[in-house]
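This report concerns only the one structure given below.
The values are calculated or read from the model by the stated rules, or taken from the named source; none is laboratory data. These numbers come from a predicted model, not from an experiment. For neighbour counting, all protein chains shown are included, and Cβ atoms are generated from backbone atoms with ideal geometry for every residue, glycine included. All accessible areas refer to the heavy atoms of the entire protein, side chains included, with ligands and DNA or RNA removed. Shrake-Rupley method; radii C 1.70, N 1.55, O 1.52, S 1.80 Å.
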Amino acid sequence: MTSAPTGADGAGGSGDRTAAWELLLPAASAPARARGRALQAALRDAVRSGRLTPGTRLPSSRDLSADLGVSRGLVTEAYEQLTAEGYLRSGRGAGTWVGDAVRAARPRVRDLAPRSPGTHADFVPGTPDLALFPRAAWAAAQREVLAELPHDGLGYPDPRGLPRLRTALAELLARRRGVVADPERIVVVSGVAQAMTLLGFVLHARGMRTVGVEEPGSPQHSALYASAGVEAVPLPLDDEGLAVGPLRDSGVRAVVTTPAHQFPTGIAYSARRRTELLDWARSVDGLVLEDDYDGDFRYDRAPVGALQGLDPEHVAYTGSVSKSLAPGLRLGWLLVPESLADEVVERKRTIDLGHPSLDQALFARFVERGDYDRQLRRCQRAYRERRDALVAALAEYFPGSRVSGIAAGLHVIAALPQCHGPQDHFLARVAAAGVAVRPLSEYGHGSGVGDRDGDGDGDGEAGKEVRLVLGYAHLTPARIRAGVRLMAEAADG
């Protein structure tokens, strides 16, 4: 090369200069129509990355164009563009220099998706079997939707969701879950988490500063409501569901529940408790937030209908495809009482202007053609078989263990014999063996969930009993059996 950048003092090693200009060579060989943009991008990246440091003097446009074999006008245009953006500075008769406005930062891309790396067996609950995702049917629906969707269908959607999808969801939810489903009161959301957050904002705007949550329950609820300025108040459960006495004493006027299959204890609310819960809501003009996260998956009988069907004006109902299709789709629904509908819709509008239109049209087609019902039946068969495999493996490798909760959902509660405790020692041993598990005590909101002996450890008598929340939906029966065997070997070791 005949020219190279030099430092502010006019000096610079030839090796460094050559390395810096080598960054521009691919741009010089780009197609003619893209060469200018490529040259600008290469210069910009060289400054951002620190390869061209502040104060470095650049060669004249004439010299650089000769070195790269491009037109002088192309280099002049690149210098002018980057000078306008602040990457370069220049003065009449003083040449062009790298500016000092840019602070070089090493690019870093991290993956923060929740995973259990380095495990031989992963019983952490919450994930369905993603291998069951119906790729062929989904792809077919996508092609059909793209072919038929009008151009204006790609514009900003109704923040409630496409009328086509809301109509399909209303029919689906009424038929499968027994809800009172008016399409005008359905809001398409990016999962149950957004539904809870939307309701939190609306409750806060109405002056509510607290919301009741089940104890034990999903640990995410506290953070979701805190983001809306609402404090989560843990409320205890008994064998029938949320205990009504503490609920009345708490003073809250809204409460989050999972009545079809409580997470994580696995119980179903009794008919009496469902009635008492609705009586409480009517007496305080309150709201029950029904999270029907896995209500379609009941293995010993037909699923109990949603609570919302008994009083749609005091129950907000939410669900998603996270357990039936894939959580990565970020697609769910919220059915709200008429008195809250306008406020929820307006909050949805200000948050994201509505859910992606193409995704909504695709799922509507999937529901309308019966593909979603077929997927639910497929998952039902697979998850029933896997639950049976887990129960059998626990009985074989942990004799005397107890599995509690109804035959439903994607997890079980397993209480192991006291000989495997204390719980903290058990957890340390199985973790060292590469088995990922979660104890029931992790699903409290800080109020000593499960602390039946009053010692504060939440783990049974002197912490000896081991109580685990074991997810099984994402594991084949063979992997379930192998994982339980590995856990038993680690516990005995």
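Can you tell me which residue among G93, G86 is without any contact (Cβ under 8 Å) to a residue 12 or more places away in the chain, at positive phi and out of contact with any Leu (no Cβ under 8 Å at 6 or more places or on another chain)?
Details: G86 fails: without any contact (Cβ under 8 Å) to a residue 12 or more places away in the chain.
It is G93.
What pairs come up if the first residue lies in the range 306-330 and is at positive phi, the second is open to solvent by less than 10 Å² (accessible area, probe 1.4 Å), and their beta carbons are under 6 Å apart, counting only those six or more places apart or on different chains?
These pairs meet every condition: R330/G191.
Run down G36, G7, G15 and say which single residue is surrounded by 13 or more Cβ atoms within 10 Å (Cβ to Cβ) and modelled with pLDDT under 80.
Working: G36 fails: modelled with pLDDT under 80; G15 fails: surrounded by 13 or more Cβ atoms within 10 Å (Cβ to Cβ).
Only one candidate qualifies: G7.
Taking D182 as meeting all but one of (1) open to solvent by 30 Å² or more (accessible area, probe 1.4 Å); (2) farther than 18 Å from A306 by Cα; (3) not hydroxyl-bearing (S, T, Y), write down the number of the exception.
It is condition (2) that D182 fails.
Which pairs turn up if I take residues in the range 195-209 that are under 14 Å from G286 (Cβ atoms) and look for partners that are assigned to a helix (DSSP H, G or I) and open to solvent by 60 Å² or more (accessible area, probe 1.4 Å) with beta carbon separation below 7 Å, at least 6 apart in sequence or on another chain?
V202/E343; V202/R347
Working only within the range 299-336, note down all residues that are among the hydroxyl-bearing types (S, T, Y) and in a loop (DSSP other than H, G, I, E, B). Even if it seems obvious, please write down each step before you answer.
Here is the first cut: in the range 299-336, the ones among the hydroxyl-bearing types (S, T, Y) are 299, 317-318, 320, 322, 324.
The answer is Y299, S322, S324.
Is there any pair linking a residue in the range 476-493 that is open to solvent by less than 20 Å² (accessible area, probe 1.4 Å) and modelled with pLDDT of 95 or more to one that is aromatic (F, W, Y) and assigned to a helix (DSSP H, G or I), with Cβ under 7 Å and at least six apart or on different chains, and which?
Sorted first by the residue in the range 476-493, then by its partner, the pairs are V484/Y397; A488/Y397.
With respect to L335, is the statement that it is in contact with a Phe, Trp or Tyr (Cβ under 6 Å, 6 or more places away or on another chain), aliphatic (A, V, I, L, M) and under 20 Å from R206 (Cβ atoms) true? Lay out the reasoning, then the answer.
On the way: in contact with a Phe, Trp or Tyr (Cβ under 6 Å, 6 or more places away or on another chain): yes; aliphatic (A, V, I, L, M): yes; under 20 Å from R206 (Cβ atoms): yes.
Judged against the criteria, L335 is a match.
Quick check on the range 350-367. Is at least one of its residues in contact with a strand residue (DSSP E or B) (Cβ under 7 Å, 6 or more places away or on another chain), open to solvent by less than 20 Å² (accessible area, probe 1.4 Å) and not in a helix (DSSP H, G or I)?
To start, the set of residues in the range 350-367 that are in contact with a strand residue (DSSP E or B) (Cβ under 7 Å, 6 or more places away or on another chain) comprises 355, 360.
From what is left, the residues that are open to solvent by less than 20 Å² (accessible area, probe 1.4 Å) are 355, 360.
Checking the rest, the ones that are also not in a helix (DSSP H, G or I) come to 355.
So far as the range 350-367 goes, yes, one or more of its residues are in contact with a strand residue (DSSP E or B) (Cβ under 7 Å, 6 or more places away or on another chain), open to solvent by less than 20 Å² (accessible area, probe 1.4 Å) and not in a helix (DSSP H, G or I).
Would you check if there is a residue in the range 364-381 being among the β-branched types (V, I, T) and in contact (Cβ under 8 Å) with a residue 40 or more places away in the chain? Even if it seems obvious, please write down each step before you answer.
Within the range 364-381, the first condition is being among the β-branched types (V, I, T), and the residues that meet it are 367.
Now narrow it down to the ones that are in contact (Cβ under 8 Å) with a residue 40 or more places away in the chain: 367.
Looking for residues that are among the β-branched types (V, I, T) and in contact (Cβ under 8 Å) with a residue 40 or more places away in the chain, one finds at least one in the range 364-381, hence yes.
crowded, with 19+ Cβ neighbours inside 10 Å and modelled with pLDDT of 95 or more: which single residue out of G460, G471 fits that description?
Working: G460 fails: modelled with pLDDT of 95 or more.
The conditions single out G471.
Among the residues of the range 329-376, count how many are acidic (D, E) and more than 23 Å from P128 (Cβ to Cβ).
5
Cβ contacts < 6 Å: first residue at positive phi and at pLDDT below 95, restricted to the range 426-449; second residue open to solvent by less than 20 Å² (accessible area, probe 1.4 Å) and not in a loop (DSSP other than H, G, I, E, B), any location; separation 6+ or different chain. Result?
Final answer for the pair search is none.
Considering only residues of the range 136-178 that are part of a loop (DSSP other than H, G, I, E, B) and either basic (K, R) or within 25 Å of the chain's Cα centre (by Cα) (or both), which is surrounded by the fewest Cβ atoms within 10 Å (Cβ to Cβ)?
Quick first cut of the range 136-178, residues part of a loop (DSSP other than H, G, I, E, B) only: 149-150, 155-162, 178.
Next, only the ones that are either basic (K, R) or within 25 Å of the chain's Cα centre (by Cα) (or both) stay: 156-162.
On the way: Y156: 10, P157: 20, D158: 18, P159: 19, R160: 24, G161: 27, L162: 21.
By that ranking, first place goes to Y156.
Looking only at the range 226-259, which residues are more than 11 Å from V213 (Cα to Cα), in a loop (DSSP other than H, G, I, E, B) and either charged (D, E, K, R) or open to solvent by less than 20 Å² (accessible area, probe 1.4 Å) (or both)?
Once the filter is applied, which keeps residues that are more than 11 Å from V213 (Cα to Cα), in a loop (DSSP other than H, G, I, E, B) and either charged (D, E, K, R) or open to solvent by less than 20 Å² (accessible area, probe 1.4 Å) (or both), the range 226-259 yields A228, V230, D239, E240, A243, R253, P259.
Is it true that V403 is touching a strand residue (DSSP E or B) at 6+ places or on another chain (Cβ under 6 Å), in a helix (DSSP H, G or I), surrounded by fewer than 20 Cβ atoms within 10 Å (Cβ to Cβ) and modelled with pLDDT of 95 or more?
Values: touching a strand residue (DSSP E or B) at 6+ places or on another chain (Cβ under 6 Å): yes; in a helix (DSSP H, G or I): no; surrounded by fewer than 20 Cβ atoms within 10 Å (Cβ to Cβ): yes; modelled with pLDDT of 95 or more: yes.
The answer is no for V403.
R452 versus (1) open to solvent by less than 60 Å² (accessible area, probe 1.4 Å); (2) at pLDDT below 85; (3) within 19 Å of R402 (Cα to Cα): which is the lone unmet condition?
So the condition that R452 fails would be (1).
Considering the range 77-128 alone, what residues qualify as being over 40 Å from the mean Cα position of the chain (by Cα) and buried (at least 19 other Cβ atoms within 10 Å of the Cβ)?
Those that are over 40 Å from the mean Cα position of the chain (by Cα) and buried (at least 19 other Cβ atoms within 10 Å of the Cβ): A78, Y79, L88, T96, W97, V98.
Just give me the residues in the range 55-76 being open to solvent by 60 Å² or more (accessible area, probe 1.4 Å) and not charged (D, E, K, R), in sequence order.
A66, G69, S71
Only one of A46, A84 is at pLDDT 90 or above and of a type in the set (A, V, I, L, M); which?
One residue alone meets the criteria, A84.
Restricting attention to the range 200-225, and to residues there that are out of contact with any strand residue (DSSP E or B) (no Cβ under 7 Å at 6 or more places or on another chain) and not in a helix (DSSP H, G or I), which single residue is nearest to L440 (Cα to Cα)?
Among those that are out of contact with any strand residue (DSSP E or B) (no Cβ under 7 Å at 6 or more places or on another chain) and not in a helix (DSSP H, G or I), it is P216.
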